[in-house]
1. I need a count of the residues in the stretch 7-26 that are within 9 Å of ligand 1 (Cβ to nearest atom) and more than 11 Å from the chain's Cα centre (by Cα).
2. Looking at E54, E93, which one is free of Cβ contacts under 8 Å to residues at least 24 places away in the same chain and within 16 Å of ligand 1 (Cβ to nearest atom)?
3. List pairs: first residue in the stretch 21-39 and among the hydroxyl-bearing types (S, T, Y), second residue not in a strand (DSSP E or B) anywhere in the structure, Cβ distance under 7 angstrom, at least six positions apart or on different chains.
4. Could you check the stretch 7-64 and list, in sequence order, the residues that are surrounded by fewer than 16 Cβ atoms within 10 Å (Cβ to Cβ), away from ligand 2 (no atom under 14 Å from the Cβ) and within 23 Å of N139 (Cα to Cα)?
5. Which count do you get for residues in the stretch 84-123 that are surrounded by fewer than 24 Cβ atoms within 10 Å (Cβ to Cβ) and in a strand (DSSP E or B)?
Amino acid sequence: MRIVTLASQKGGAGKSTLARQLAVIAGEREPTWLLDRDPQATTTKWMARRAEIEGVADRPELLELGNTSLETAAGQVSDQPGTLFVDTRPAVEEREAESIRVSSFVIVPVRPSFDDLEAVGDTLASVKRIGRKAVIVVNAAKHPRRAVEARAALSRYGVPVCPTHLLDRAVYQDAALNGQGVAEMKGAAARDAEAELRAVWTWVLEAAGGE
Ligand SMILES: Nc1ncnc2c1ncn2[C@@H]1O[C@H](COP(=O)(O)OP(=O)(O)OP(=O)(O)O)[C@@H](O)[C@H]1O
Ligand SMILES: [Mg+2]
């Protein structure tokens, strides 16, 4: 099984959004799981809202560790097909390091603001110290031009940066509220969001050698 941790020290970068949305997209082809390592439990609550929806896909599933350590759990499922997305706190401390260590690679979402682009350096340094591969995805750009500028600024870190991005779209917030993937929602806005997510996931799999 592929294990993908979403990490960023910066709060609100898009870890939970990407974990959930990518888990739905990837779940169309393979088993997917979500592991919520954030005590805010936003992803666990999203899964609970999802459980209320009639006819929703049974992927992703929520993985609960109970008393098992992440390392043991990862070892137990390592030969299964599919992807486990690990949502983390806005920190890279021991708890996050534990997830990163067992991961195939790490997705670092970053908003295209000056402060976020600066702060992501600490997250990337931590992932590098732990010895895992990171890829960056620009999230919630107000305008494509802002994402292009952000990518140029991010090139200084020497880490693969996704050539496409997620725009700032209300439909992601609707999806968060509804317990849905945008890919499961109706309407033109959802199709646009779905297309950019698919592009990101396709690129991530290639860039991170996740296969
Ligand atoms: N591309 C986007 N367009 C619009 N809203 C977004 C987008 N990405 C994230 N958001 C919204 O921004 C907020 C923060 O996103 P999210 O919860 O995914 O970040 P996070 O990194 O998990 O935050 P935390 O560090 O608190 O765990 C949420 O309300 C979410 O719906
Ligand atoms: Mg979160």
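1. Of the residues in that region, 4 qualify.
2. Values: E54 fails: within 16 Å of ligand 1 (Cβ to nearest atom).
From the options E54, E93, the qualifying one is E93.
3. Pairs that qualify, where the first residue is among the hydroxyl-bearing types (S, T, Y) and the partner is not in a strand (DSSP E or B), are T32/A23; T32/A26; T32/R59; T32/P60; T32/G82.
4. Answer for the stretch 7-64, where residues must be surrounded by fewer than 16 Cβ atoms within 10 Å (Cβ to Cβ), away from ligand 2 (no atom under 14 Å from the Cβ) and within 23 Å of N139 (Cα to Cα): just E28.
5. Qualifying residue count, the stretch 84-123: 1.
Quick note: the coordinates plus some simple rules give every number you see, no bench work behind them. Predicted model only: the values in this text are computed from it and were never measured. Don't worry about glycine lacking a Cβ; one is built from the backbone with ideal geometry, like all the others, and counts go over all protein chains shown.
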